[in-house]
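The values are calculated or read from the model by the stated rules, or taken from the named source; none is laboratory data. It should be emphasised that the depicted structure is a prediction, and the values quoted were computed from it without experimental measurement. Cβ sites come from the backbone with ideal geometry, for glycine too, and all protein chains shown count toward neighbours.
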Amino acid sequence: MNVAGLLYTLGDPHLLQAVKGGVNVMVNVFDVAQTLIQHIQTRFKDDVALVAYYGSYAQGTATSRSDLDFFFIPATPHGFGAGLSFLCGGISFDFWPIGWERAERMAAFEESNTSIIADCKLLYVRSDADLARFEHLRKRISETGKPSLALLEKTENHLRDAYIHLYQMSLLHTHLIRDLTLIRTEAHGVLTHVLYGLALLNGTYFSKGWGKNAEQINQFQLKPAKLNEQMHTIKQASESTKIKEACEQLVQDMLELLNAQKALYAAGPDYEGRMKGFYEEIRGQFDKLLTACEANDYTTAFFWSIGAQDEIARFLYFTKNGFWPSAVLATADYMHEYIAAGLPDLPKLLAPDRLAELRDMIQLLDERLRSLLQSHAVPITEFETPQQLKQFLGRRV
């Protein structure tokens, strides 16, 4: 059965009282929605897949000032033209499009507004196929019950963005700018990114907006020990230094919590499985470095020596733990694996007059890396002649 048009129900009166020209005006928000749906059925019948509402009306918490938060998913490029922002009876409405690709990102926790998809109420769908596709997205969200490595990586992304706000806050203090508005704006960025990351760390999303999600935050199993105290300082302190310190400590506590969760996924070392083929790739960087040193090309040597060592260090960390070092992990934490393996420290040798010495260290690095891999039974695929390669290819299944 085609479900188009069957999802709209008036339900409760849903009246908004607004003031227009000194006169009270009663606006039924679902009458507004129905007017738009009728317009879609007339002008965009084949171009809009579904219409839904979310927020306070979907959650049963609407007040006299609440507008109707609703969206639609276009089925064709032409369908995006159905979008409209307007006032009706003095009340603001934003009928905005969410493409299928973006809806999928929301369902995959790649955007912070997952609740829009998970908790919305459908008003209209074009077809059974559209409804099935949408319900599949909601099923993906509901099946997420614990933090996976993918969700932990998304938490890292939020922490990385929080660090940007910390950096901006530090710049303000460095320049002796204590403007409370600027400090609070950056602190707001820190806090929102930390909280979004905290929800992901707990394998969930915020079902309510800011100011209404305190109960959900308190119920999180995983959270910094001083979260409430830090949030209180960030929201209410009037001294910029206290706000900055609370933000810094909150981000640090979140990072420690994140690293502890990632450690639970450590699968143990696996050199043969994770480093097979690595040497064959990194050897090309060694050749570029050797050529740069022999040509007295310090700039090329600078970039490739630091890049090669960092890549090897990251790969060794991955080999040991089973996951890559995060974007917010201190370099020293994963560089330790490189130093512990007894590999030469190339960046320390960087100087225009030390390229000959750097060249010797690159050759030493090559030898020691090969030895390390061979000691862990990591095969290295190499041939002396094209004929050997031909024979090898002939034996491959």
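So if I check each of Lys235, Lys212, Lys244, which one is in a helix (DSSP H, G or I) and touching a residue at least 60 places away in the same chain (Cβ under 8 Å)?
Working: Lys235 fails: touching a residue at least 60 places away in the same chain (Cβ under 8 Å); Lys212 fails: in a helix (DSSP H, G or I).
Going through Lys235, Lys212, Lys244 in turn, the sole match is Lys244.
Out of (1) in contact with a Gly (Cβ under 7 Å, 6 or more places away or on another chain); (2) not in a helix (DSSP H, G or I), the odd one out for Met254 is which?
With (1) in contact with a Gly (Cβ under 7 Å, 6 or more places away or on another chain); (2) not in a helix (DSSP H, G or I) applied to Met254, the lone miss is (2).
Identify the single condition in (1) surrounded by 15 or more Cβ atoms within 10 Å (Cβ to Cβ); (2) in contact with an Asp or Glu (Cβ under 9 Å, 6 or more places away or on another chain); (3) farther than 21 Å from Ser115 by Cα; (4) among the aliphatic types (A, V, I, L, M) that Ile37 does not satisfy, given that it satisfies every other one.
Looking at each condition in turn, Ile37 falls short on (2).
Is it the case that the range 259-278 has a residue that's farther than 28 Å from Ser375 by Cα and of a type in the set (A, V, I, L, M)?
There is at least one residue in the range 259-278 that is farther than 28 Å from Ser375 by Cα and of a type in the set (A, V, I, L, M).
Out of Thr181, Thr185, Thr174, Thr192, report the one residue that is of a type in the set (Ser, Thr, Tyr) and either in contact with a strand residue (DSSP E or B) (Cβ under 8 Å, 6 or more places away or on another chain) or within 27 Å of Gly60 (Cα to Cα) (or both). Before you say what the answer is, go through the steps one by one.
Values: Thr181 fails: either in contact with a strand residue (DSSP E or B) (Cβ under 8 Å, 6 or more places away or on another chain) or within 27 Å of Gly60 (Cα to Cα) (or both); Thr185 fails: either in contact with a strand residue (DSSP E or B) (Cβ under 8 Å, 6 or more places away or on another chain) or within 27 Å of Gly60 (Cα to Cα) (or both); Thr174 fails: either in contact with a strand residue (DSSP E or B) (Cβ under 8 Å, 6 or more places away or on another chain) or within 27 Å of Gly60 (Cα to Cα) (or both).
Among Thr181, Thr185, Thr174, Thr192, only Thr192 is of a type in the set (Ser, Thr, Tyr) and either in contact with a strand residue (DSSP E or B) (Cβ under 8 Å, 6 or more places away or on another chain) or within 27 Å of Gly60 (Cα to Cα) (or both).
Can you name the condition, by its number, that Glu153 falls short on among (1) closer than 27 Å to Asn259 by Cβ; (2) modelled with pLDDT of 95 or more?
(2)
Which of the helices (runs of 4 or more DSSP H) found entirely inside the range 4-111 contain at least 2 residues meeting this: under 27 Å from Glu143 (Cα atoms) and modelled with pLDDT of 95 or more? Break it down stepwise before answering.
Details: elements: 29-43, 56-59, 100-107.
Because the criterion is at least 2 residues that are under 27 Å from Glu143 (Cα atoms) and modelled with pLDDT of 95 or more, the helices (runs of 4 or more DSSP H) in the range 4-111 that meet it are 100-107.
Please determine, by comparing only the residues of the range 371-389 that are more than 42 Å from the chain's Cα centre (by Cα) and in a loop (DSSP other than H, G, I, E, B), which one is surrounded by the most Cβ atoms within 10 Å (Cβ to Cβ). Please lay out each step first, then the result.
In the first step, residues of the range 371-389 are kept if they are more than 42 Å from the chain's Cα centre (by Cα); the result is 383-389.
Now restrict to residues that are in a loop (DSSP other than H, G, I, E, B): 383-385.
Values: Phe383: 12, Glu384: 7, Thr385: 8.
Only one residue fits best here, namely Phe383.
Tally time: how many residues in the range 299-338 are surrounded by 14 or more Cβ atoms within 10 Å (Cβ to Cβ) and part of a helix (DSSP H, G or I)?
At the first step, the residues of the range 299-338 found to be surrounded by 14 or more Cβ atoms within 10 Å (Cβ to Cβ) are 300-302, 304-305, 307-326, 328-329, 334-338.
Filter once more, keeping what is part of a helix (DSSP H, G or I): 300-302, 304-305, 307-321, 334-338.
Here the count works out to 25.
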